[in-house]
There are 2 protein chains.
Amino acid sequence: MAHTEDDRRPKYQRIAEALREAIQSGEYGPGDRLPGENDLMATYGVARMTARQALSVLRDEGVVEARKGAGVFVREFRPLRRRGIQRLARQQWGNGRSVWAADVEDRSLEVDHVTVSEEAASDHVSGVLELAGEETVCVRRRRFVLDGKPVLLATSYLPVSLVAGSPIVREDTGPGGTYARLAELGCKPVHFREEIRSRMPSKDEATQLSISAGTPVILICRTAFTDEGRPVEFNEMTLDAASYILEYDFDA
Amino acid sequence: MAHTEDDRRPKYQRIAEALREAIQSGEYGPGDRLPGENDLMATYGVARMTARQALSVLRDEGVVEARKGAGVFVREFRPLRRRGIQRLARQQWGNGRSVWAADVEDRSLEVDHVTVSEEAASDHVSGVLELAGEETVCVRRRRFVLDGKPVLLATSYLPVSLVAGSPIVREDTGPGGTYARLAELGCKPVHFREEIRSRMPSKDEATQLSISAGTPVILICRTAFTDEGRPVEFNEMTLDAASYILEYDFDA
């Protein structure tokens, strides 16, 4: 079935796939120069435009980068290593650091497009947060940009009955962020559940994360609980899959 | 950039994307009937073949299923919930159950294509397992099939110096599997590191997992350590992203 599907795809996509597999297998390593348009025209017997499109697919996916006058090179990519458990340690946000600061080390991570609003809860959010009746939620949306490239969209939902009047409803939640403020409100998050999925991005997600439609997104849904098991935050994250390694280190 | 990329795609792909988004947004729920070929021809002004191709993309992705004479319906999909931490608990394999039995509940999961071989270690595997010089590895490959659909490819690497002569080098490792046998060898795995990535599948992966090239795979690389911190197994898993939810539940 995969075969039939493949054969229907345009030539430039099949050439891009062959190059992608050569990169994944290590035939072309980080920093290596890929075959240029002329090489691809000769090897595959295609027009210059087709060769150019194949290379641009890989460029759009962030797999390769063009250097002016020098050719197209395999990107020396440093994905962000997101240590799922350690990054949420109380020492982290308890000492006034942000949770994501743990991921970033020496790199530049900026948060933009921050919005905070009060909204009606969807059935799903209402269920996860165990809200009563028509209770509304504080919705915090923001985007994380790493070294100039958007890598993550996050939307947090918190019960308005809990956070109204606190810095959590402001754009800047202060040192240690939302979790430090929840602790001050007597609702310290100590237990977390993360659910991970992956799928192709919607058009809107692809635009916001500057990824082409050929790169998947990873979805993480995190629920934060107090030590009494009360859910106090639900956070839906959409990650550019090409920019992340998720790590979970645990005893079992 | 995403916009330009989209516009280059064939019409049937754009129609498939519109339908996929309508499904993701809940406009069409599980079990709902999708617009048929005639509806799509009228709505998008396309030929029957284009409408048919659009629907077959979604069918190949496992998003919808065709019922003879009745139409095309949104699949009532039950992804496998893989509880990353609980499933590796000693009570699980220590009591002779397999690790994956924890994921499956009442569903049918079969393991096929099992092969066991002794191979030279790649630099990467050698590094992860901290092997000396030319030490070889026992390589266990297998495929997991859920309700008749392949969902996971797994390749485990273990030091031959540790497992030679044990049931770990046989196809059937016995009750509790590899981890129970490692414990008997004095190397009980108690600490785990899982690294998660997502990307598009290679052609070979798409074939083995019966997924179309439009569905991503999730990669999990797990290293198992003894309580002295010795790495005793490295397991590379490739999952059909449409078939899984990965869950991690932890205190922090």
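The values are calculated or read from the model by the stated rules, or taken from the named source; none is laboratory data. These numbers were taken from a predicted model, which means no experiment stands behind them. Methodologically, a virtual Cβ is constructed for each residue, glycine included, from the backbone with ideal geometry; neighbour enumeration extends over all protein chains shown. We work out accessible area using only protein heavy atoms, side chains counted, and drop any ligands, DNA or RNA first. Shrake-Rupley method; radii C 1.70, N 1.55, O 1.52, S 1.80 Å.
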Handout entry: All Cα pairs of the stretch B:29-167, percent lying beyond 17 Å
Key = 74
Fill in the blank from the handout: Any DSSP H helix in chain B with Cα axial reach of 15 Å or more and mean Kyte-Doolittle score of at least -1.0? Listed by number, the hits are B:11-24, B:48-60
Problem - MRE, 222 nm, helices only [DSSP H, n ≥ 4, -39500 (n - 2.57), over chain A, to nearest 500] - result: -7500 deg cm²/dmol
Handout entry: Per-residue mean of C-beta atoms belonging to partner chains within 10 Å, peptide B:187-196
Key = 4
Completion exercise
By accessible area (1.4 Å), largest first, A:Arg107, A:Arg67 order as A:Arg67, A:Arg107
Handout entry: Kirkwood-Stokes translational diffusion coefficient of the stretch B:124-252, alpha-carbon pairs, 4 °C, 1.567 mPa s, µm²/s
Key = 81
Handout entry: Listed residues A:Thr136, A:Val111, B:Val137: farthest to the positive end of the dipole of the protein assembly as shown (Cβ charges)
Key = A:Val111
Completion exercise
FRET efficiency (A:Lys11, B:Arg97; Cβ distance; R0 51 Å; to 0.05) is 0.55
Fill in the blank from the handout: So for R0 = 30 Å, FRET eff. of A:Thr226-B:Arg90 from the Cβ-Cβ r, to 0.05, ends up at 0.60
Problem - For chain B, built as a Gaussian network whose Cα springs stay under 10 Å, the top-fluctuating residue of B:Ala70, B:Ala47, B:Ala22 - result: B:Ala70
Fill in the blank from the handout: Given the candidates A:Val99, A:Pro150, B:Ile220, the one whose Cα lies deepest towards the positive end of the charge dipole of the protein assembly as shown, counting +1 at each Lys or Arg C-beta and -1 at each Asp or Glu C-beta, is A:Pro150
Exercise for the section: Evaluate peptide B:239-247: per residue, the Cβ atoms of other protein chains within 10 Å of its Cβ; return the mean as an integer. Expected result: 4
Completion exercise
iface B-A | buried accessible area, total | probe 1.4 Å | Å², round 100 | 4800
Problem - Check: chain B dipole with +1 on Lys, Arg Cβ and -1 on Asp, Glu Cβ, in debye - result: 720
Handout entry: Magnitude of the charge dipole, the protein assembly as shown, Cβ model with Lys/Arg +1 and Asp/Glu -1, debye to 20
Key = 840
Handout entry: Among A:Val46, A:Val63, A:Val190: highest mean-square fluctuation, GNM of chain A, C-alpha pairs under 10 Å
Key = A:Val46
Practice task
Run through the other copies and list how far each one's label point is from that of A:Arg48, in nm with one decimal, shortest first; the point sits 7 Å from Cα along Cα-Cβ.
Solution key: 4.3
Exercise for the section: Can you tell me the dipole magnitude for the stretch B:55-192 around its Cα centre, using point charges on the Cβ only (Lys, Arg +1; Asp, Glu -1), in Debye to the nearest 20? Expected result: 700
Problem - Copy-to-copy label separations for A:Leu185, where each label sits 7 Å from Cα toward Cβ, in nm and ascending - result: 5.1
Problem - Cα-based Rg of the stretch B:181-252 normalised by 2.2 N^0.38 Å, two decimals - result: 1.38
Problem - the stretch A:18-99, accessible surface, carbon-and-sulfur percent (1.4 angstrom probe) - result: 47
Problem - Cα principal axis extents for the stretch B:5-74, largest first, Å - result: 32, 24, 20
Exercise for the section: For the protein assembly as shown, count all C-alpha to C-alpha pairs, find those more than 32 Å apart, and express that count as a whole percent of the total. Expected result: 49
Practice task
Towards the positive end of the charge dipole of the protein assembly as shown, with charges on Cβ (+1 Lys, Arg; -1 Asp, Glu), say which of B:Gly71, A:Ser202, A:Cys187 has the farthest Cα.
Solution key: B:Gly71
Exercise for the section: Distances from A:Ala164 to the same position in the other copies: list them in nm, one decimal, shortest first, using label points 7 Å from Cα along Cα→Cβ. Expected result: 7.2
Exercise for the section: Please report, in whole Å, how far the alpha carbons of the stretch A:84-135 spread along each principal axis, starting with the longest. Expected result: 44, 25, 18
Practice task
Note down the Stokes-Einstein diffusion coefficient of chain B in µm²/s, whole number, using a Kirkwood radius over alpha carbon pairs, 4 °C, and 1.567 mPa s.
Solution key: 63
